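Report on one structure; see the data block that follows.
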Amino acid sequence: MSVVILAIETSCDDTSAAVVVDGSEILSNIVSSQVDVHSRFGGVVPEVASRKHLELINYVVSESLAAAGIVYKDLDAVAVTYGPGLVGALLVGVSAAKAISYGLDLPLVGVNHLEGHIYANFLIEPGIAFPLICLVVSGGHTDLVLIKKHGSYQVVGSTRDDAAGEAFDKVARAMGLGYPGGPLIDRLSREGDPGAINLPRAYLEEGSFDFSFSGLKSAVINYMHRAAQRGAEINKADLAAGFQKAVTDVLIDKTIDAAVETGVSSILMAGGVAANTSLRAGMIEKATKESCRVIYPPPVLCTDNAAMIASAAYFKYLRDAFAPLTLNAVPDLKLGEERYEGNFRGKIM
């Protein structure tokens, strides 16, 4: 029998609700973006994001059901992102999901936002064979994760300072390109020469799968300052191309090295930066040389969305890994961690 899950995602600045069947068939995936609201500030303002979620959540949930052609009684469970993320934003989604769960006596599934990004890949290829290495790369996270089975995660590398997406945003802001920075730099870099400007690559100590992008970000800003002091004109396309190449080189090299060292032949990519065209092309080129295949979602499933949360929730549903109605937002939730007590199916009486 099919399992129909309504999922809600409000971890940052996108309000999203989706209906997914059996973890892979997307009936609807409604995303209301706040980019226009936050772009004037050059980044996400947490309090503003929370208030927009409050305004949008009921509408987005209703739209997801309507687009899916179903009603509440057709649902088998409700899923929600409960961390990591902005606490105020998370609370909006968690509160809505708990209300639906309680009112309809449906099981509640709490999902880690990073786990959701990983499972975006299962929306396009449900039968991916384990073990896997996944590069989770977004505005707030840059992690290499070894996945041996559903729900089993070993973080083998993570960022020590700025996440890759954060570095993209900060460099784009310094260059006067706008927000969000990733797509803008990606687009501009196609007009530039990645070898024209020499920028550093931080590989850290030998054998480390950790990342560091703060030095690269500083190198770009210093390059711009020195050029300004000399009165020299900056070729922004070359700078964007050089910066992007410095980021993607490290991401690709460490991901492939981790796959080879762990004996994994399938590599997943997840998160907003996974939509970067240079990263995708470079990863496939190097992985092919190591007889590894690369799987990644379409761009719409790389950024925050509720369909990926529903997919992750489906596999938790199969394990009866339900959350109690005391579920709370956990802004610092770690991958593989469950920060609540007890497993309950449906209402707590």
Residue identified as under 18 Å from the mean Cα position of the chain (by Cα), of a type in the set (Val, Ile, Thr), within 20 Å of VAL300 (Cα to Cα) and at pLDDT 95 or above among ILE57, ILE8:
ILE8
Quick test of your reading of the structure: ILE124 fulfils all but one of (1) in the same structural domain as THR15 (by TED's automatic domain parsing); (2) touching a residue at least 40 places away in the same chain (Cβ under 8 Å); (3) of a type outside the set (Asp, Glu); (4) surrounded by fewer than 18 Cβ atoms within 10 Å (Cβ to Cβ). Name the failing condition by number.
(1)
Taking the condition of being out of contact with any helix residue (DSSP H, G or I) (no Cβ under 6 Å at 6 or more places or on another chain) and either in a strand (DSSP E or B) or closer than 14 Å to VAL20 by Cβ (or both), how many residues in the stretch 88-120 meet it?
2
Matching option when the condition is assigned to a loop (DSSP other than H, G, I, E, B) and under 22 Å from GLY207 (Cβ atoms), among VAL250, VAL264:
VAL264
Go through the residues of the stretch 157-178 one by one and say whether even a single one is closer than 26 Å to ASP257 by Cα, in a strand (DSSP E or B), in contact (Cβ under 8 Å) with a residue 60 or more places away in the chain and not hydroxyl-bearing (Ser, Thr, Tyr).
yes
Given the residues VAL31, VAL44, VAL80, which is the only one that is part of a loop (DSSP other than H, G, I, E, B), touching a residue at least 12 places away in the same chain (Cβ under 8 Å) and under 18 Å from the mean Cα position of the chain (by Cα)?
VAL44
Would you confirm, using the coordinates I've provided, whether LEU251 is of a type in the set (A, V, I, L, M), modelled with pLDDT under 95, farther than 25 Å from SER39 by Cβ and out of contact with any Gly (no Cβ under 6 Å at 6 or more places or on another chain)?
no
Testing GLY85 on (1) in contact (Cβ under 8 Å) with a residue 60 or more places away in the chain; (2) closer than 23 Å to ARG339 by Cα; (3) assigned to a helix (DSSP H, G or I), one condition comes back false. Which one is that?
(3)
Are any residues in the stretch 185-208 buried (at least 19 other Cβ atoms within 10 Å of the Cβ) and either touching a strand residue (DSSP E or B) at 6+ places or on another chain (Cβ under 7 Å) or not in a loop (DSSP other than H, G, I, E, B) (or both), and if so, which ones?
ILE185, ASP186, LEU188, SER189
Scan of the stretch 34-58 for residues that are over 19 Å from GLY83 (Cα atoms) and surrounded by fewer than 19 Cβ atoms within 10 Å (Cβ to Cβ), ordered by number:
VAL35, ASP36, VAL37, SER39, ARG40, PHE41, GLY42, GLY43, GLU55, ASN58
Take the conditions surrounded by 21 or more Cβ atoms within 10 Å (Cβ to Cβ) and small (Gly, Ala, Ser) and apply them to GLY69. Does it pass?
no
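The values are calculated or read from the model by the stated rules, or taken from the named source; none is laboratory data. Bear in mind that the values here come from a model prediction, so they are computed numbers and not experimental data. Because the Cβ atoms are built from the backbone with ideal geometry, glycine has one as well, and the counts that use them run over all protein chains shown.
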